[in-house]
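Notes follow once the structure below has been shown.
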Amino acid sequence: MLKKNMRGFTLLELLVVISIIGILIAISAAAFTNAQQKARNAKRQGDVSAMSKAFEQYYSINASSYGANCTAMAGSMSGGSLPTDPKGGWTSYSCTSTGGVTNTYCVCARLEPAGNTDGNSGAACSGLGSAGEYFCLVQQQ
């Protein structure tokens, strides 16, 4: 004799639940990746701002002149060197300095993901690829 009061879930019910869990995991993974990229971009923008402030400090200490290159001015930063990118293997920071006659610098950070348009490179530095992919700051003096 078969019992009609069997307890448990049907195969269809289990498949529906597993599908819903899979969809929720996919959505949360995409949101988490986006949040990580935004956090790394915020760190890059903060690093560029810190480099710019350190270079301005270098300018005021060294007879109103920027260094011949960014590495020379990096000594005025805390830690004494240029920052490293928060994402390993991502080519992010670029810095140019022409102390002396033109006495300028431009420091930039490449933003994630590739092709990002949140930066300001169109107005600041030239020769860095597509406008908006980089966040840049130039000399204040």
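The values are calculated or read from the model by the stated rules, or taken from the named source; none is laboratory data. Since the model is a prediction, treat every value here as computed from it, not as a measurement. Using ideal geometry, Cβ is built from the backbone for each residue, glycine included, and neighbour counts are taken over all protein chains shown.
Quick check on the stretch 44-51. Is at least one of its residues in contact with a Gly (Cβ under 6 Å, 6 or more places away or on another chain) and under 17 Å from L137 (Cβ atoms)? No, because not a single residue in the stretch 44-51 is in contact with a Gly (Cβ under 6 Å, 6 or more places away or on another chain) and under 17 Å from L137 (Cβ atoms). Residues that are surrounded by 10 or more Cβ atoms within 10 Å (Cβ to Cβ), out of contact with any helix residue (DSSP H, G or I) (no Cβ under 6 Å at 6 or more places or on another chain) and within 14 Å of A109 (Cβ to Cβ) do not occur anywhere in the stretch 16-34. Within the stretch 66-98, restricting attention to residues that are out of contact with any helix residue (DSSP H, G or I) (no Cβ under 7 Å at 6 or more places or on another chain), part of a loop (DSSP other than H, G, I, E, B) and hydroxyl-bearing (S, T, Y), the residue that is surrounded by the most Cβ atoms within 10 Å (Cβ to Cβ) is T84. Can you report the number of residues in the stretch 1-50 which are over 30 Å from L82 (Cα atoms), assigned to a helix (DSSP H, G or I) and of a type in the set (S, T, N, Q)? Of the residues in the stretch 1-50, 2 are over 30 Å from L82 (Cα atoms), assigned to a helix (DSSP H, G or I) and of a type in the set (S, T, N, Q). Considered as a group, the residues in the stretch 1-30 that are within 30 Å of Y134 (Cα to Cα) and at pLDDT 90 or above include one that is nearest to the chain's Cα centre (by Cα), and that residue is A29. Among the residues making up the stretch 118-141, those that are in a loop (DSSP other than H, G, I, E, B) and either within 20 Å of T84 (Cβ to Cβ) or modelled with pLDDT of 65 or more (or both) are D118, G119, N120, C125, L128, G132, E133, Q139, Q140, Q141.
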